[in-house]
Amino acid sequence: MRYLGRFVAMLFATGTLIALIGVAAAVVMISYYSKDLPDHAALEKYEPPVMTRVHANDGGLLAEYAKERRLYLPIGAMPKLLKDAFLAAEDKNFYSHAGVDPEGIARAVLSNLRRTSGGRQQGASTITQQVAKNFFLTNEQSYERKIREMLVAFRLESTFSKDKIFELYLNQIYLGLGNYGVAAAGLNYFGKSVHELTIPEVAYLAALPKAPSTYHPVTNRDQAIARRNYVIDRMIENGYIDREAGLKAKAEPLTVQLRQTSPNTYAAGFFAEEVRRELAERYGFKKLYEGG
């Protein structure tokens, strides 16, 4: 009995020592990778590049000028269906995790272990991590960048509300064909405001952040529909829509109306060009193409 007690004490001491070494290593690692992290608080003053739009006196749109096609929408102006689609596709635990999702990491590790040769590797970045990467870091595939991404994500979560982080994500994310943010994408893919989008349409938009060119609605139609239907399945699984509505949505074709807006496509093209020149002279090119 005495030897058993000693053995248990030795195991306890060894476990405690290993735990302390692990904590010390974690502290050193966090301290090292925290050096020169970007100032995440700058997002409080963030003003994204938005489109300048020229309208006729009857309200008709004549032209758009932008480096990034974006219409900024506050989170309160976005419909629940749209937000649910992105949560289902990208980060179902967004409103419950602290910036990094342990469940998502475990799921990605298991999926990648089962992955066949040549299969797509599954990531585990949360919406907060994607905001951290898109605003402050690069797309470099390295452990160092991933660690820095996690550290920035924790800082974002301690500074901003969940709704603010989600708002930044939904307005900044690239959704293919020059569209940034959900408002511009809804308009340019479907000719609709975000409030008019249907289940299959919000699911398609939510399918795009993973790989916009891979899910092009014309050149990669089959892959686009498969990814859209995957998002719909996740929406059903998470209780955002009922099964009947989801199956009906999956049966619908992928119908897009790609909108090309340029002064040259209108009879008023020469007039719109004069407006563009006058705006550039009055406000400068940066304001014209980024200042809305």
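Yes or no, residue by residue, for (1) surrounded by fewer than 14 Cβ atoms within 10 Å (Cβ to Cβ); (2) free of Cβ contacts under 8 Å to residues at least 40 places away in the same chain:
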{"site": "Q172", "(1), (2)": "no, no"}
{"site": "V182", "(1), (2)": "no, no"}
{"site": "A185", "(1), (2)": "no, yes"}
{"site": "E196", "(1), (2)": "yes, yes"}
{"site": "A207", "(1), (2)": "no, no"}
Looking at the structure I just gave you, is K164 under 16 Å from the mean Cα position of the chain (by Cα), surrounded by 14 or more Cβ atoms within 10 Å (Cβ to Cβ) and among the basic types (K, R)? yes
For region 215-245, how many residues meet the condition of being surrounded by fewer than 12 Cβ atoms within 10 Å (Cβ to Cβ) and part of a helix (DSSP H, G or I)? 3
How many residues does region 181-201 hold that are part of a helix (DSSP H, G or I), more than 17 Å from Y72 (Cα to Cα) and β-branched (V, I, T)? 1
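Considering G181, G191, which residue is modelled with pLDDT under 95 and either over 20 Å from F166 (Cβ atoms) or of a type in the set (V, I, T) (or both)?
Working: G181 fails: either over 20 Å from F166 (Cβ atoms) or of a type in the set (V, I, T) (or both).
Unique residue meeting the criteria: G191.
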Can you name the condition, by its number, that F86 falls short on among (1) under 19 Å from R234 (Cα atoms); (2) at pLDDT 65 or above; (3) more than 14 Å from the chain's Cα centre (by Cα)? (3)
Where G76 falls short, out of the listed (1) open to solvent by 30 Å² or more (accessible area, probe 1.4 Å); (2) in a loop (DSSP other than H, G, I, E, B); (3) small (G, A, S): (2)
Here the qualifying pairs (Cβ atoms under 6 Å; residues six or more apart or on different chains; first in region 281-292 and closer than 13 Å to E64 by Cα; second in a helix (DSSP H, G or I)) come out as L288/L279; L288/A280
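Sort out which residues of region 246-277 are of a type outside the set (A, V, I, L, M), modelled with pLDDT under 75 and not in a helix (DSSP H, G or I), and write them in order of number. Working first, answer last.
If we filter region 246-277 for residues that are of a type outside the set (A, V, I, L, M), which is where we start, we get 246, 248, 250, 252-253, 255, 257, 259-266, 269-271, 273-274, 276-277.
From what is left, the residues that are modelled with pLDDT under 75 are 259-266, 269-270.
Those that are of a type outside the set (A, V, I, L, M), modelled with pLDDT under 75 and not in a helix (DSSP H, G or I): R259, Q260, T261, S262, Y266.
The values are calculated or read from the model by the stated rules, or taken from the named source; none is laboratory data. Quick caveat, the model's predicted, so the values are computed rather than measured. Glycine also receives a Cβ, built like all others from the backbone with ideal geometry; neighbour counts cover every protein chain displayed. Only protein heavy atoms, including side chains, enter the accessible area calculation; ligands, DNA and RNA are left aside. Shrake-Rupley method; radii C 1.70, N 1.55, O 1.52, S 1.80 Å.
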